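Every read-out reported here was derived from the displayed coordinates using simple, explicitly stated rules and does not represent laboratory data. Just so we're clear, the structure is a prediction, and the values are computed from it rather than from any experiment. Neighbour counts are summed over all protein chains in view; Cβ atoms, including those assigned to glycine, are modelled from backbone coordinates with ideal geometry.
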Amino acid sequence: MVSRLPTISMVDQTELQKRERMRSCDSRSRISLFIVLGLSLSGCSPMRNSDPWPALETIQSIHASYDDYERDSRKQIEFDVPEADWVPLFAAFQPAKYDPAPMKWVSLGELQITLKDGRPFHVSMYSVSSGAGAFAAGPSWEQRTYYRGGSTTRLTKALRMAHDRALQAPDKEPDTLTRPD
């Protein structure tokens, strides 16, 4: 008995295999496109990571100025942060998460970081009464990105500890500025 089913030649089989591979490739491309679009629409971006700090080994110095409202709200405290306090200070901002809609917070102070290559890095610190702390960080005021992380209480404690250590240095004098009333 002779089969009446059509036979597929080797050329046709090869063509079918190519089409099948192209179909799966197109499907993978579409899935990749949807993933990339989804991530970009959700605000994920390499510019908005959760670790906004320069690497410690790239930092030359950190100068802090802040208002310690609990001790004396009329004085702004300014000092150079000792290197031993850099890690605890940065830890007070963690875990940091990009804030796409920052509020109008009360300013707590700022950190002026100088990198070893001479570039500046600016941090604005804000006082938040409840929830995660708030800060903005970036190469300059204009290029800052807002974050939520840590807490105002932990940050104030870290700043006080760093200030106390800075005062213990033999050549340092108290450097508080009286605020004009």
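For region 49-178, how many pairs of lysine residues have a Cα-Cα distance under 29 Å, where the two are 8 or more positions apart or belong to different chains? Lysine pairs meeting the criterion: 9.
Listing Arg154, Arg119 from fewest to most neighbouring C-beta atoms within 10 Å gives Arg119, Arg154. How many percent of all Cα-Cα pairs in region 49-178 sit more than 19 Å apart? In whole percent, the long-distance tail amounts to 46. A simple spin-label model places the labels of Thr58 and Thr14 5.3 nm from each other, with each point 7 Å out along Cα-to-Cβ. Annotation: for a label point projected 7 angstrom from Cα along Cα→Cβ of Ser130, no residues of region 88-123 have a backbone N closer than 12 Å. Phi-derived couplings, Karplus 6.51 cos²θ - 1.76 cosθ + 1.60 at θ = phi - 60°, listed residue by residue for region 83-98: 4, 5, 9, 5, 5, x, 5, 5, 5, 5, 9, 9, x, 8, 9, 3 Hz, with x used for Gly and Pro. Length gained on full extension, Trp141 to Glu78: 20.8 nm, using 0.36 nm per residue less the C-alpha separation.
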